[in-house]
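Undergrad: Here you go, one structure.
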There are 2 protein chains.
Amino acid sequence: MEIVHLLRKVTVEFGLRQAEFAARHGMHSTDVRALICLLDAERAGTDATAGWLGAQLGLNSAGTTSVIDRLERLGHLERTRDPRDRRRVLLSVTPRAVELGRSFFGPLIDDTVAVLREFDESETAAVRRFLSAAHQAVTIVP
Amino acid sequence: MEIVHLLRKVTVEFGLRQAEFAARHGMHSTDVRALICLLDAERAGTDATAGWLGAQLGLNSAGTTSVIDRLERLGHLERTRDPRDRRRVLLSVTPRAVELGRSFFGPLIDDTVAVLREFDESETAAVRRFLSAAHQAVTIVP
DNA sequence: CGATATTATCTCGCTGAGCGAGATAATATC
DNA sequence: GATATTATCTCGCTCAGCGAGATAATATCG
């Protein structure tokens with residue numbers, strides 16, 4: 001119960017940092033979330049189209065175009081028409097955006113990973129099990 | 001590292017549920033966050049004023065008034081002038097809002113607590129230590 | 001005690017994120 | 001080749017949140 005509140009605090013603070021980071025770089029929370037989605041897609045090897053991004057963010061097509069326009073204007077993003085299906089627009093993050101993402105997540109990740117390094121097998125397993133359960137509880141139709 | 005991604009997924013999904021809940025009840029994410037703050041204050045026995053709420057949400061006074069107006073209009077909130085300092089406006093959540101909060105957080109909390117019940121001492125301790133560390137990492141100057 | 005400063009909240013007008021509706025262009029189907 | 005479908009973009013609008021300043025209550029100081 002107290003642990004649940006702790007988890008909630010973490011999510012709240014994380015949201016605040018994200019908003020703060022967005023403001024500091026002339027973006028909005030949505031833009032940051034978009035970048036995260038794109039970086040995830042990049043890492044997973046999926047190709048990210050405008051429609052896909054909109055679905056991830058829960059925006060309609062007009063709103064999606066706005067996000068992409070803003071990120072493109074800031075130089076975090078490039079549009080490329082897909083040569084295989086020329087209706088589609090492929091989105092690729094620029095090195096600048098990658099760097100920005102690292103500057104944001106890097107320290108947070110490092111600090112957190114550092115703690116985990118001092119955990120033994122059964123302890124990390126417990127953390128993993130807990131977070132999986134929480135994820136399950138919070139995710140709709142798993 | 002994989003655990004960090006898991007934690008991030010939890011925060012993302014949690015945000016989505018929150019937005020979904022807001023939409024379902026004719027509110028915005030900010031309104032839900034406001035309700036959470038007010039319920040927290042209630043539980044902690046702090047009295048919540050308009051200014052305090054605005055600070056919690058990172059809104060200016062105009063925006064804060066809007067949030068309060070919306071929540072009042074929906075019957076989730078009541079304004080009372082503080083009799084001790086009649087410049088201040090005290091905010092109190094209605095039973096309806098409490099019920100709404102419970103209907104949202106209740107199941108999530110229950111599911112998560114249920115998992116924890118099957119953890120032994122050292123495992124819950126590990127989870128607590130991890131979340132504290134994550135909270136520390138994500139919180140600015142604690 | 002009255003004049004002035006400070007604090008808490010609200011009002012007004014504006015900017016811009018995101019929406020609905022529909023336009024445009026490329027591809028798939030018959 | 002005509003038509004349907006899919007992916008994205010454009011236009012006009014609504015409303016959350018901002019800056020500036022009004023209002024009202026309290027605190028301070030001569």
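Undergrad: From the alpha carbon gyration tensor of the protein assembly as shown, can you work out the equivalent ellipsoid semi-axes (sqrt of 5 times each eigenvalue) and give them in Å, largest to smallest?
TA: Values: eigenvalues 215, 148, 63 Å².
Semi-axes, largest first: 33, 27, 18 Å.
Undergrad: Give the average, rounded to an integer, of partner chain Cβ atoms located within 10 angstrom of each Cβ in A:118-131. It would help to have the intermediate numbers written out before the result.
TA: Numbers: counts 2, 4, 2, 0, 4, 7, 4, 2, 10, 11, 5, 6, 14, 12.
For this peptide, the per-residue mean of nearby foreign Cβ atoms is 6.
Undergrad: With the dipole of the protein assembly as shown worked out from charges on the C-beta (+1 for Lys and Arg, -1 for Asp and Glu) around the Cα centre, which of B:108, A:46, A:10 lies farthest toward the positive end?
TA: Towards the positive end, the residue furthest out is A:46.
Undergrad: Compactness ratio of the range B:1-45: Cα Rg over 2.2 N^0.38 Å, N = residue count? Present the calculation step by step, with values, prior to reporting the outcome.
TA: Details: Rg = 13.3 Å, N = 45, 2.2 N^0.38 = 9.3 Å.
Expressed relative to 2.2 N^0.38 Å, the Cα Rg reads 1.43.
Undergrad: Which residues does a label at residue A:5 reach in the range B:1-42, if reach means a backbone N under 12 Å from a point 7 Å past the Cα toward the Cβ?
TA: B:40-42
Undergrad: Kindly express, to the nearest 10 degrees and within the range 0 to 90, the angle between helix B:95-117's C-alpha long axis and the longest C-alpha principal axis of chain B.
TA: Around 10 degrees separate the two axes.
Undergrad: Helix A:29-44: angle to the longest alpha-carbon principal axis of chain A, degrees 0 to 90, nearest 10?
TA: For helix A:29-44, the angle is close to 90 degrees.
Undergrad: List the distances, in nm to one decimal, from the label point of residue A:94 to the label points of the same position in every other copy, shortest first, placing each label point 7 Å from Cα along the Cα-to-Cβ direction.
TA: Output for residue A:94: 5.0 nm, nearest copy listed first.
Undergrad: Taking a label point 7 Å from the Cα of residue B:96 along the Cα→Cβ vector, which residues of the range B:38-55 have an amide N closer than 18 Å to it?
TA: What the label zone holds, given the 18 Å backbone N cut-off, is B:38-39.
Undergrad: Under 1.5 on a/c is rounded, so check that first for the range B:83-125, then, if it is not, pick prolate when a/b is larger than b/c and oblate when it is not; a ≥ b ≥ c are the square roots of the alpha carbon gyration tensor eigenvalues.
TA: On the way: a/c = 7.02, a/b = 2.31, b/c = 3.05.
In terms of gyration-tensor shape, oblate.
Undergrad: Ok, one more. Suppose you put the label 7 Å out from Cα in the Cβ direction; list, shortest first and in nm with one decimal, how far residue A:28 is from each other copy's label.
TA: 1.0
Undergrad: Need one word for the range A:2-138: rounded, prolate or oblate. Basis is the Cα gyration tensor (sqrt eigenvalues a ≥ b ≥ c); a/c below 1.5 gives rounded, then a/b vs b/c decides.
TA: Details: a/c = 2.04, a/b = 1.86, b/c = 1.10.
It is prolate, given that a/c is not under 1.5 and a/b is the larger ratio.
Undergrad: Put a point 7 Å out from Cα along the line to Cβ at residue B:139; what are the distances to that point in the other copies, in nm, shortest first?
TA: 2.8
Values quoted throughout were computed directly from the atomic coordinates according to the rules given, and no laboratory measurement underlies them. All of these numbers come straight from a predicted model, not from anything done at the bench. Positions of Cβ are backbone-derived with ideal geometry, glycine not excepted, and every protein chain shown enters the neighbour counts.
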